[in-house]
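What follows is one structure encoded as structure tokens, with my remarks underneath.
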Amino acid sequence: MNHTSSDAIEKDRDRFVERLLKSTAGAFDIFTIYLGDRLGFYRALSAHGPITSEELASHTGTYERYVREWLEQQTVAGILKVEDEAAAARSRRYRLPAGHREVLVDRDSLNYLAPLAQMVAGAVRPMHQVLKAYRSGKGVPYPYYGAEFREGQAAMNRTMFLRQLGTEWLPSIPDVHRRLMADPPARVADIGCGGGWSGIGMAQAYPKVQVDGYDLDEASVELARGNVADAGLEERVRIHHRDAADPSLRGRYDLVTAFECVHDMADPVGALRTMLSLARDGGSVMVMDERVGDRFTARGNEVEWMMYGWSVLHCLPVGKADGPSVETGTVMRPETLKQYAAEAGFCDTEILPIDNFFFRFYRLKVLCR
Ligand SMILES: C[S@@+](CC[C@H](N)C(=O)[O-])C[C@H]1O[C@@H](n2cnc3c(N)ncnc32)[C@H](O)[C@@H]1O
């Protein structure tokens with residue numbers, strides 16, 4: 001090995017060391033944000049700040065010494081600001097800067113990211129089962145990822161569904177929009193509905209539509225029913241505990257949707273076949289899934305660093321847990337979905353011109369003409 005190449009190796013090594021140290025700080029950001037979100041620290045700081053560790057502990061029913069450590073850590077991490085750093089530890093006052101408040105507290109903002117920390121905490125929850133699965137080739141059931149993943153996932157997509165689905169995305173498909181506005185009231189089937197926010201968003205934007213949400217996960221069905229009840233929409237949004245790939249799932253719908261769930265399914269072709277049959281009489285089918293690149297490249301596109309992360313820890317193991325699986329993973333490329341849709345009997349798959357950083361929208365053609 002010559003001198004230049006060993007120099008290059010050392011530089012590469014040093015860059016990698018630096019990167020891993022930064023990644024460790026990033027991991028601590030995520031898990032300490034998880035604590036701050038779950039324990040209500042950010043909400044209390046937003047409502048009462050600047051405050052001391054004792055005041056924050058008293059507002060949140062927590063233990064002062066832990067709270068003080070967390071406040072100091074958050075400040076050093078650049079998430080919180082301290083008003084008077086030279087003051088005695090228990091007298092220092094901390095605050096949440098306005099921009100960070102929107103990201104960590106404002107659940108109606110499209111920039112709200114606190115649930116991402118919850119999802120990451122959920123994704124690592126069954127780490128031992130994931131290790132075992134990598135050796136055995138078996139799957140890890142969705143419930144193993146717990147309330148953290150289920151609720152984090154629902155909260156992460158909630159704002160988009162409430163603020164964009166019925167007011168931007170669906171109105172950009174004129175024939176679907178017209179049908180959802182028209183009489184007789186349109187019927188929508190929402191496959192893999194999770195926490196139910198997509199159905200709630202559609203029902204709020206289109207006051208006549210009736211939505212049936214279907215999900216395989218019992219706890220998600222309970223979560224969705226609670227969210228629907230809180231939104232006062234029980235008359236128009238019904239949630240069912242069903243496997244979308246079950247061929248006995250029947251009905252006639254004007255619109256059939258599947259938001260960020262086809263890649264999670266053990267049998268996506270079976271589910272798409274059901275979706276086709278639900279839309280058979282003049283309905284439309286729309287799928288939203290991750291905006292990954294058209295093909296594998298060493299650099300990946302701008303969202304693949306994250307999508308591969310979910311895939312390795314969560315989506316691929318989950319997609320292998322429910323019976324024989326085609327083993328898709330989060331990185332479901334457009335060609336893969338097109339192939340699944342063709343196998344399910346759809347005539348064609350079109351990519352819709354809906355602009356979103358994380359998601360791509362597909363319309364699956366039911367009628368061939
Ligand atoms: C990533 S979550 C997305 C949930 C929701 N659509 C959203 O965007 O927040 C995937 C959901 O698909 C559901 N799912 C997976 N396979 C399914 C199947 N075969 N039938 C019905 N639901 C399924 C899971 O239980 C989970 O709730």
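The values are calculated or read from the model by the stated rules, or taken from the named source; none is laboratory data. Bear in mind that the values here come from a model prediction, so they are computed numbers and not experimental data. So basically every Cβ, Gly included, is an ideal-geometry build from the backbone, and we count neighbours across all protein chains shown.
Of all residues in the range 311-364, which are assigned to a strand (DSSP E or B) and touching a residue at least 60 places away in the same chain (Cβ under 8 Å)?
Phe359, Arg360, Phe361, Tyr362, Arg363, Leu364
Within the range 212-225, is there a residue that is modelled with pLDDT of 95 or more, within 15 Å of the ligand (Cβ to nearest atom), surrounded by 17 or more Cβ atoms within 10 Å (Cβ to Cβ) and part of a loop (DSSP other than H, G, I, E, B)? Yes, because at least one residue in the range 212-225 is modelled with pLDDT of 95 or more, within 15 Å of the ligand (Cβ to nearest atom), surrounded by 17 or more Cβ atoms within 10 Å (Cβ to Cβ) and part of a loop (DSSP other than H, G, I, E, B). Annotation: of all residues in the range 226-266 being of a type in the set (Asp, Glu) and away from the ligand (no atom under 13 Å from the Cβ), the one that is farthest from Tyr145 (Cα to Cα) is Asp254.
Considered as a group, the residues in the range 148-162 that are of a type in the set (A, V, I, L, M, F, W, C) and closer than 17 Å to Leu216 by Cβ include one that is farthest from the ligand (Cβ to nearest atom), and that residue is Phe149.
Is there a residue in the range 310-320 that is modelled with pLDDT of 95 or more, under 20 Å from Phe259 (Cβ atoms) and surrounded by fewer than 19 Cβ atoms within 10 Å (Cβ to Cβ)? Full working, then the answer.
We begin by selecting, within the range 310-320, every residue modelled with pLDDT of 95 or more; these are 310-320.
Among the residues that remain, those that are also under 20 Å from Phe259 (Cβ atoms) are: 310-311, 314-316, 318-319.
Still in the list and also surrounded by fewer than 19 Cβ atoms within 10 Å (Cβ to Cβ): none.
Within the range 310-320 (the criterion being modelled with pLDDT of 95 or more, under 20 Å from Phe259 (Cβ atoms) and surrounded by fewer than 19 Cβ atoms within 10 Å (Cβ to Cβ)), the answer is no, since none of the residues qualifies.
Per the listing Ser248, Ser277, the residue uniquely at pLDDT below 95, among the hydroxyl-bearing types (Ser, Thr, Tyr) and not in a strand (DSSP E or B) is Ser248. The set of residues in the range 64-82 being in a helix (DSSP H, G or I) and β-branched (Val, Ile, Thr) consists of Val67, Thr75, Val76.
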